[in-house]
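Derivation of every value follows stated rules applied to the coordinates shown; laboratory data play no part. The structure presented is a predicted model; accordingly, all values stated were derived computationally and were not measured. Because the Cβ atoms are built from the backbone with ideal geometry, glycine has one as well, and the counts that use them run over all protein chains shown.
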Amino acid sequence: MADEYDTIIVNGVVVTDTDIADLDIAIKDEKIVKIVPNGGLKDASAKKTIDAEGGYVMPGGVDAHVHLDEPPLFGKGSTADNYETGSRSAVCGGTTTMVTFAPQKKSEDTLLDTLKATHAKAKDACYIDYSFHLLVGNPSERALGEFKTLREEGISSLKIYMTYEALQLHDGQILDVLLEARRQQITTMVHAENGQVIDWMTAQLEKRKMFAPKYHGTSHPPMAEVEATYRAISLSEFIDTPILIVHVSTPAAAAHIKAAQDRGLPIYAETCPQYLFLTKKDLDQPGFEGAKCVCSPPPRESEADCDAIWDGIANGTFTILSSDHCPFKYDDAVQGKKTSISDEHPVGHFKYIPNGCPGIETRLALTLGEGRLDLKKFVEVTSSNPAKLYGLWPRKGALVEGQSDADINIWYPPGQMQPYELKNAMLHHNVDYTPYEGRTMKQWPRYTLLRGEVVWDKENGGLLGKKGYGKFVRRDGSSLAGPRNKGEWEIPL
Ligand SMILES: *[C@@H]1O[C@H](CO)[C@@H](O)[C@H](O)[C@H]1NC(C)=O
């Protein structure tokens with residue numbers, strides 16, 4: 001007789017964004033089909049049984065901020081990971097769904113070609129399920145007219161930049177994007193830093209011959225982020241449409257976000273492990289080493305800043321925690337960090353260092369292992385909320401009978417893992433460093449399942465998933481609060 005289930009997971013402590021309970025889970029045809037108290041499946045037949053031995057069983061990670069296989073948009077660097085290596089790294093760290101960027105250049109006037117080209121890069125290459133945010137570099141009339149089609153194609157989010165010459169939109173263009181996004185129920189992600197302030201600060205540093213990697217931090221003062229965050233909130237409130245401020249690093253920007261949320265505005269916010277674990281000290285390393293931690297916004301002044309970001313996660317200011325995986329090799333003078341080194345600038349020039357850090361594989365284990373977040377909050381910001389905000393819930397980011405894909409992480413039972421030192425050699429990206437080298441780790445996913453398949457088994461083979469198993473997932477609109485007023489936006493008279 002055929003088995004009742006494909007796989008059952010027993011003796012787990014199941015954690016979702018709303019509950020913690022001792023439950024067993026049954027899986028069939030890629031879906032979660034039954035959840036019962038521990039012991040409730042003892043008479044069930046299954047092809048495979050996984051004993052969680054008291055470990056936490058959580059929905060697979062959803063990473064909604066990932067850069068893969070992007071052309072050099074800001075300078076010489078090209079992302080070191082493509083869809084294959086990036087998604088491989090993701091799955092080995094417990095992330096089962098990623099939303100990457102499909103970047104439209106300023107010189108292009110359509111988004112649909114960008115979408116098509118990005119589909120071609122990802123097709124048959126991914127170890128995990130995926131979707132794309134369209135990055136709008138040129139909100140031409142044609143591009144704005146395509147938002148409707150994007151929704152039909154299963155894309156419900158866009159990203160825009162308030163900095164970087166190659167992508168920066170001025171406020172009128174931002175209003176154009178927000179208005180059309182409102183009509184199509186699209187969530188707009190905003191990189192909120194004031195580009196002109198950064199350029200001005202860069203010129204001040206150059207005049208003083210200050211070129212070392214650490215001056216990347218100086219050139220991006222907190223004020224540039226705080227001002228742009230407040231401006232983005234103001235523009236969003238004016239058009240009455242939801243935005244998500246990406247990679248928030250500054251307590252004062254978080255305070256503006258919290259105040260807007262307290263007024264009932266649909267303002268969402270993201271932060272990343274680099275703002276929880278890194279500071280200015282990591283940028284101020286001997287020689288060129290600091291380049292490894294050059295990302296924008298930069299790691300901030302002190303641990304007090306990190307503490308405020310942790311608090312912001314705990315108190316609900318931050319909706320999601322993403323990696324902002326933006327990988328460049330360090331020891332690479334053709335595409336990586338060392339493209340910024342020249343005869344004139346033997347320890348590099350901060351302005352030319354490709355911006356970004358790898359982190360898709362370490363996001364979950366670093367954050368959970370730190371033990372600072374309530375378990376339900378951890379699931380909420382790393383899995384459930386990104387799924388809700390970007391229209392994937394409850395298929396992703398949840399463990400709901402009959403509705404959720406069987407995307408599951410099983411962690412080591414608390415205290416069972418001997419603390420160990422993280423080394424880049426343990427990771428599966430195509431990058432020659434991790435900013436977290438040498439950090440003491442206390443957790444790692446023991447098993448990861450994607451649509452019912454065991455794709456990671458730490459002790460028996462490691463990576464078991466297959467390239468090409470990951471599928472494009474069509475997304476709906478956000479299931480978090482949207483515009484406060486119904487109907488068309490009207491010019492305030
Ligand atoms: C929540 O965290 C934010 C960001 O750190 C902070 O500005 C705010 O004061 C905190 N709010 C409460 C009520 O603790």
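Tabulated data
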quantity	calculated
Nearest-ten-degree value, helix 251-262 long axis tilted from longest Cα axis of the chain	70 degrees
In order through region 470-482: 3J(HN,Hα) via Karplus (6.51 cos²θ - 1.76 cosθ + 1.60), integer Hz, x for Gly, Pro	x, 10, 5, 10, 6, 10, 8, x, 4, 9, 8, 4, x
Peptides 475-488, 348-361, 227-240, 142-155 ordered by average Cβ neighbours within 10 Å, highest first	348-361, 227-240, 142-155, 475-488
Over the chain: helical MRE at 222 nm, DSSP H runs n ≥ 4 each giving -39500 (n - 2.57), nearest 500	-7500 deg cm²/dmol
Potential extension, Ala255-Lys281 segment - 0.36 nm per residue separation minus Cα distance	7.0 nm
When each of Lys258/Lys329; Lys292/Lys396; Lys76/Lys105; Lys106/Lys280; Lys116/Lys148 is checked by Cα-Cα distance, pairs over 25 Å	Lys258/Lys329; Lys292/Lys396; Lys106/Lys280
Using θ = phi - 60° and Karplus 6.51 cos²θ - 1.76 cosθ + 1.60, couplings along region 124-135 (whole Hz; Gly, Pro as x)	6, 9, 9, 8, 10, 6, 8, 8, 10, 9, 6, 9
Rounded to the nearest 20 debye, dipole of region 61-375 from Cβ charges on Lys, Arg, Asp, Glu	320 debye
Estimated dipole of region 138-215 in Debye, rounded to 20 [Cβ of Lys and Arg +1, of Asp and Glu -1, Cα centre]	340 debye
Volume in Å³ per residue [convex hull over Cα atoms, computed for region 61-375]	126 Å³
Inter-probe distance in nm under a simple model that places probes 7 Å from Cα toward Cβ, at Lys207 and Glu30	6.0 nm
11 Å cut-off, amide nitrogen to a point 7 angstrom out along Glu437 Cα→Cβ, residues in region 313-347	330-331
Antiparallel bridge percentage (DSSP; both residues within region 1-133; nearest 5)	45 percent
Exposure proxy ranking, count of Cβ atoms within 10 Å, fewest first, for Asp176, Asp63	Asp176, Asp63
37 °C / 0.692 mPa s Stokes-Einstein diffusion coefficient of region 258-335, Kirkwood radius on C-alpha pairs, µm²/s	232 µm²/s
Hz values of 3J(HN,Hα) by residue in region 52-69 - Karplus curve (6.51, -1.76, 1.60), Gly and Pro given as x	6, 6, x, x, 6, 10, 10, x, x, x, 10, 9, 9, 9, 9, 9, 9, 6
Protection proxy ranking of 445-451, 385-391, 338-344, 277-283 - average other beta-carbon atoms within 10 Å, highest first	385-391, 445-451, 277-283, 338-344
Leading residue at positive end of dipole, the chain (Cβ point charges), from Pro242, Val15, His216	His216
Net length gained if the chain between Glu152 and Ala44 were fully extended (0.36 nm per residue, minus Cα distance)	34.8 nm
